[in-house]
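Undergrad: Here it is, the structure, as structure tokens.
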Amino acid sequence: MSRSSRLQGFYNRTLEERRAMLADWLGLPAEAVNEITSGEVFRVELADVLVENAIGTFALPLAIAANFRINGRDRLVPMVIEESSVVAASSHAAKLLREGEGIVARATEQQMIGQLQLIEVPQALDLAELLARNESELIAMLNANHPRLGAVGGGARTLEARRIDDGSRRWHVVHLVVDVADAMGANIVNTMLERLAPRLEELSGARVHLKILSNLSDRRRVDVVGRVPIALLAPYGESGRHVAENVELASRFAEVDPYRAATHNKGIMNGVDATLLATGQDFRAVEAGAHAYAARNGRYSALSTWRVEEEALVGRMTIPLAVGTVGGMTVLHPAVNRILEWFDLTRARELAEVVAAVGLAQNLAALLALSTEGIQRGHMSLHARNVAFSIGARGDELEALVASMSRENDFSERYASELLADLRATHG
Ligand code: MEV
């Protein structure tokens, strides 16, 4: 696995050439890549099976972020996203973060939490004591129904008691902690909770109200660190150190101000969600978990921090990531299935590590742009393509319009239409 993820000139190639380069990188025949990337493998029949009232399918761009080195390994990263500049920004930041091992990402155990809400609890009940006394029997009962999970090293692990008080009412909560291995885990945990509830009612005399997984999957996190040598930042400003200090300043703003933190984290989620979508994940679950985690200390804050440390700009982030590489979309969606295989993302831990690395890289790209020339210049030259396309420019016309709009710093539809009319008049 010594392939380099630095695909020279990938951005400047045509779509067909990029597919051919990818096939070459993967060691596959071009037809295999063409088939999956054609957008035609997700059939309308599958849509009809997956959701109610289906009327069709709906496509989004699939792209590749280049230049990533994660845990010492070069990787290309699949991304599904409609927003211009995200893929380019990711690849750009990945280039800055390549030194040594590259981005270092470490996933914790793959533990999910399920919640039971206990109401009508008898006065004398000591829930913690009851759970401690019955834990092994209850855990064994749950695991007996999930031999396949046990066979891959997963299974229910512990039961924990919590008390919650909303000011007017109090109730007890049981947390069931389950190692879900390579599954996303929602189905496993919810099934276990529904089995646990009646037995717990019997033992406690209480009534179980809600039985549901928590999306604050804070026992299934990734710690990720990225380092940029200060010297590499010199081209972005008056000196590399000055640029690095400005990125730190941007980070500190997000760490203390929820208004800025929301946008800072949105930049992270641009990378996270795009990779989640390309790999068939429940991105809503990850979004919910990430933002709840960002508020874990009572105030919503930045998920990542950037600091100047000696000769490097260092980014650190911890993010909960509940992802799965078995079941659900990973099996059903023919493109997802193949993408996981192509990019060697068949273990949940590894997928989570890659997703976190992309989030951190995306964050660096945004802070770097915001701390130097501002976000609009790069963004608008990419946006120019959308404007030119929307007013009817195609092929060479598209490139000519983008060049003129960027040069004149005018991205309006009116200007684009004038340019297109002139171009067509000149070239007959
Ligand atoms: C835009 O999609 C994301 C950014 O706003 C993130 C940020 O401000 O850090 C550029």
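Undergrad: Tell me, what ³J(HN,Hα) does each residue in the range 65-76 have, in order and in whole Hz, if you take phi through Karplus 6.51 cos²θ - 1.76 cosθ + 1.60 with θ = phi - 60° and put x for Gly and Pro?
TA: Listing the rounded values in order: 8, 9, 6, 6, 10, 10, 6, x, 10, 6, 9, 9 Hz.
Undergrad: Shape verdict for the range 378-427, please, from the Cα gyration tensor: rounded (a/c under 1.5), prolate (a/b greater than b/c) or oblate.
TA: Details: a/c = 1.70, a/b = 1.54, b/c = 1.11.
Prolate, because a/c is 1.5 or more and a/b exceeds b/c.
Undergrad: Would you mind computing, in nm to one decimal, how far apart the modelled labels at Arg385 and Glu201 are, each placed 7 Å from Cα along Cα→Cβ?
TA: Taking the two extended label points, one gets 5.7 nm.
Undergrad: Pick from Arg284, Arg219, Arg260: which residue has the top mean-square fluctuation in a GNM of the chain where Cα pairs under 10 Å get a spring?
TA: Between Arg284, Arg219, Arg260, it is Arg284 that shows the largest mean-square fluctuation.
Undergrad: Please work out whether the range 111-213 counts as rounded, prolate or oblate from its C-alpha gyration tensor, where a ≥ b ≥ c are the square roots of the eigenvalues and a/c under 1.5 means rounded, while otherwise a/b larger than b/c means prolate and anything else oblate?
TA: In terms of gyration-tensor shape, prolate.
Undergrad: Top mean-square fluctuation among Asp182, Asp48, Asp218, Gaussian network model of the chain, C-alpha springs under 10 Å?
TA: Maximum among the listed residues: Asp48.
Undergrad: Most fluctuating residue of Asp396, Asp273, Asp74 in a GNM of the chain with Cα springs under 10 Å: which is it?
TA: So, out of Asp396, Asp273, Asp74, the one fluctuating most is Asp396.
Undergrad: Compute the acute angle (0 to 90°) between the alpha-carbon long axis of helix 258-278 and the principal axis of greatest extent of the alpha-carbon atoms of the chain; round to the nearest 10°.
TA: 90
Undergrad: So what J values fall out for the range 22-28 if you push phi through Karplus, 6.51 cos²θ - 1.76 cosθ + 1.60 with θ = phi - 60°, rounded to Hz, Gly and Pro as x?
TA: 5, 4, 4, 4, 7, x, 10
Undergrad: Can you work out the accessible area per residue across the range 111-213, with the rest of the protein chains kept in place, probe 1.4 Å, in square angstrom?
TA: Working: 5290 Å² over 103 residues.
Heavy-atom accessible area per residue stands at 51 Å².
Undergrad: Now, a different point. Express the carbon and sulfur contribution to the solvent-accessible surface of the chain as a percent, rounded to the nearest whole number, probe 1.4 angstrom. Could the numbers behind the result be given before it?
TA: Details: 10790 of 21040 Å².
After summing per-atom areas, the C and S share lands at 51 percent.
Undergrad: Divide by every residue of the chain the summed helix terms, -39500 (n - 2.57) for each DSSP H run of at least 4, and state the resulting mean residue ellipticity at 222 nm, rounded to the nearest 500 deg cm²/dmol. Mind dumping the intermediate values first?
TA: Values: 16 runs with 209 residues, N = 428.
It lands at -15500 deg cm²/dmol.
Undergrad: Would you work out the relative contact order for the range 136-205, in percent, from Cα pairs under 8 angstrom that are 6 or more residues apart?
TA: Details: 62 pairs, mean separation 18.7, N = 70.
Once divided by the residue count of the range 136-205, the mean separation gives 27 percent.
Undergrad: Quick check: pseudo-label points 7 Å beyond the Cα along Cα→Cβ at Ala403 and Arg307, how many nm apart are they?
TA: Output for this residue pair reads 4.8 nm.
Undergrad: Which whole-number percent gives the relative contact order of the chain, counting Cα pairs below 8 Å spaced six or more residues apart? Before the final figure, lay out each step's value.
TA: Numbers: 754 pairs, mean separation 74.1, N = 428.
Once normalised by length, the contact order is 17 percent.
Undergrad: Roughly speaking, what is the centre-to-centre gap between the range 119-162 and the range 328-355 when only Cα atoms are used, to the nearest Å?
TA: 31
Undergrad: Please give the per residue accessible area of the range 378-427, computed with a probe of 1.4 Å over protein heavy atoms only, in Å².
TA: Values: 2950 Å² over 50 residues.
Per-residue value: 59 Å².
Undergrad: In whole Hz, with x marking every Gly and Pro, tabulate ³J(HN,Hα) for the range 331-341 from phi via Karplus 6.51 cos²θ - 1.76 cosθ + 1.60, θ = phi - 60°.
TA: Working through the residues one at a time gives 9, 6, 7, x, 6, 4, 3, 6, 4, 4, 6 Hz.
Undergrad: Just check the chain against the gyration tensor rule for me: Cα atoms, a ≥ b ≥ c as the square roots of the eigenvalues, rounded for a/c under 1.5, and otherwise prolate or oblate depending on whether a/b exceeds b/c.
TA: Here the chain falls in the prolate category.
The values are calculated or read from the model by the stated rules, or taken from the named source; none is laboratory data. Please read these numbers as outputs of a predicted model, since none were measured by experiment. Ideal geometry is used to build each Cβ from the backbone, glycine not excepted, and the neighbour counts take in all protein chains shown. Keep in mind that these areas ignore ligands, DNA and RNA; they rest on the heavy atoms of the full protein, side chains included. Shrake-Rupley method; radii C 1.70, N 1.55, O 1.52, S 1.80 Å.
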